[in-house]
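Quick notes on the structure that follows.
The values are calculated or read from the model by the stated rules, or taken from the named source; none is laboratory data. For clarity, every value in this text was computed on a predicted model and none was experimentally measured. Note that we place each Cβ from the backbone using ideal geometry, even for glycine, and neighbour counts take in every protein chain shown. The protein model used for the area step is the full one, side chains on, heavy atoms only, and it has no ligands, DNA or RNA in it. Shrake-Rupley method; radii C 1.70, N 1.55, O 1.52, S 1.80 Å.
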Amino acid sequence: MEGFAADPSHPRYASLLMRHRLEVAAKRGMLADSAMIAHGRGEAFDYMLGEQTTPNARHAAQHALVCLEQAARPILSLNGNVTALACDEMLLLADHLNCPLEVNIFYRTPERMEALLSFIEERRQVLDLEVKVLGASPDAMIPGLKGPRAACTREGIFESDVMLVPLEDGDRCQALVNMGKTVIVIDLNPLSRSAQQATITVVDELSRSLNTMLAFAQEERRAVDAYDHQANLKASLAWIADAVNR
Ligand code: ATP
């Protein structure tokens, strides 16, 4: 990536690359002021997970992919951090699912929306994908939420049955679950409200979990065990506790 000079053999290479992507995105006006803080909270949990995809995170990601594939109206939602960290993976997943992406941000300003939409459009053209990108003109509201964060599009989030909303906020996650949707969250913190309230939670770093889904999408013979939400969260916490004890 332009301007990124870290050595790939550096033990924190992936982490440094993600930080660099956030720096670039911040300069382009894509991020809210709190973006770095939210990322730091995630990094702390990733450190405790050993910066690796645990077996239960892999299982949750595979199960999530199958739910998205079987959905009547799947949608992938991007906020600022998701766009900065994993825009390409989200575009590739939307292409695989033949579904739209929707930009949906908490602190909505016309400038930020424009910065995000133009970045996604650049990447879409580089990857040469036909993915539809929604969010520029919201025409519906998520019931139970107030202000700009309730805004969404009817064609995308509002009418969807299965939603991937990585790095979601707890209030909005609950409001989406209340709408009767299958809500898939990716969150390194198994204790966050979103992780607890979602239908499926992948406790893993965003780009790792999206790459797990994309790799699974290419597998020919697939079998996924049943998903137990509480057992998944407990297994993630147990993994962290084991790591701390070691
Ligand atoms: P909640 O409202 O769900 O309780 P929160 O207030 O703890 O969440 P936010 O600040 O809204 O959290 O969002 C940050 C969340 O995203 C944290 O739970 C953090 O662990 C997670 N996170 C940050 N960066 C990443 C990443 N790259 N991959 C996965 N999760 C991440």
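Among the residues of segment 24-46, which ones are in contact with a Phe, Trp or Tyr (Cβ under 9 Å, 6 or more places away or on another chain) and either within 13 Å of the ligand (Cβ to nearest atom) or assigned to a helix (DSSP H, G or I) (or both)? Listed by number, the residues that qualify are VAL24, ALA25, ALA32, ASP33, SER34.
If you go through segment 21-36 and pick out every residue that is over 10 Å from GLY80 (Cβ atoms) and of a type in the set (A, V, I, L, M, F, W, C), you end up with 2.
For segment 192-228, the tally of residues that are under 17 Å from PRO166 (Cβ atoms) and not hydrophobic (A, V, I, L, M, F, W, C) stands at 14.
Contact map, segment 74-88: residues that are surrounded by fewer than 24 Cβ atoms within 10 Å (Cβ to Cβ) paired with residues that are modelled with pLDDT of 95 or more and part of a strand (DSSP E or B), Cβ distance under 7 Å, separation 6+ or inter-chain. Pairs shown: PRO74/VAL162. Determine whether ARG41 is basic (Lys, Arg), more than 26 Å from ALA223 (Cβ to Cβ) and either surrounded by fewer than 21 Cβ atoms within 10 Å (Cβ to Cβ) or free of Cβ contacts under 8 Å to residues at least 60 places away in the same chain (or both). Considered against the rule, which asks whether it is basic (Lys, Arg), more than 26 Å from ALA223 (Cβ to Cβ) and either surrounded by fewer than 21 Cβ atoms within 10 Å (Cβ to Cβ) or free of Cβ contacts under 8 Å to residues at least 60 places away in the same chain (or both), ARG41 comes out as yes. When you check THR53 against the structure, is it away from the ligand (no atom under 11 Å from the Cβ) and in contact with a helix residue (DSSP H, G or I) (Cβ under 6 Å, 6 or more places away or on another chain), yes or no? Considered against the rule, which asks whether it is away from the ligand (no atom under 11 Å from the Cβ) and in contact with a helix residue (DSSP H, G or I) (Cβ under 6 Å, 6 or more places away or on another chain), THR53 comes out as yes.
Per the listing GLY170, GLY135, the residue uniquely at positive phi and in contact with a Ser or Thr (Cβ under 7 Å, 6 or more places away or on another chain) is GLY135.
Taking SER209, is it open to solvent by less than 10 Å² (accessible area, probe 1.4 Å), more than 20 Å from GLU69 (Cβ to Cβ), within 16 Å of the ligand (Cβ to nearest atom) and of a type in the set (S, T, N, Q)? Considered against the rule, which asks whether it is open to solvent by less than 10 Å² (accessible area, probe 1.4 Å), more than 20 Å from GLU69 (Cβ to Cβ), within 16 Å of the ligand (Cβ to nearest atom) and of a type in the set (S, T, N, Q), SER209 comes out as no. Annotation note: of ALA226, ALA231, the sole residue that is assigned to a loop (DSSP other than H, G, I, E, B), surrounded by fewer than 22 Cβ atoms within 10 Å (Cβ to Cβ) and of a type in the set (A, V, I, L, M) is ALA226. In the set (1) crowded, with 16+ Cβ neighbours inside 10 Å; (2) within 16 Å of LEU68 (Cβ to Cβ); (3) of a type outside the set (A, V, I, L, M), the condition left unmet by ASP187 is number (2).
Considering only segment 221-234, I want to know if a residue exists there that is of a type in the set (Val, Ile, Thr), out of contact with any Leu (no Cβ under 8 Å at 6 or more places or on another chain) and at pLDDT 95 or above. No; the residues of segment 221-234 include none that is of a type in the set (Val, Ile, Thr), out of contact with any Leu (no Cβ under 8 Å at 6 or more places or on another chain) and at pLDDT 95 or above. ASP161 passes every criterion in (1) in contact (Cβ under 8 Å) with a residue 60 or more places away in the chain; (2) buried (at least 23 other Cβ atoms within 10 Å of the Cβ) apart from (2). For THR199, the stated conditions do not hold, so it cannot be described as surrounded by 20 or more Cβ atoms within 10 Å (Cβ to Cβ) and either modelled with pLDDT of 95 or more or more than 12 Å from the ligand (Cβ to nearest atom) (or both).
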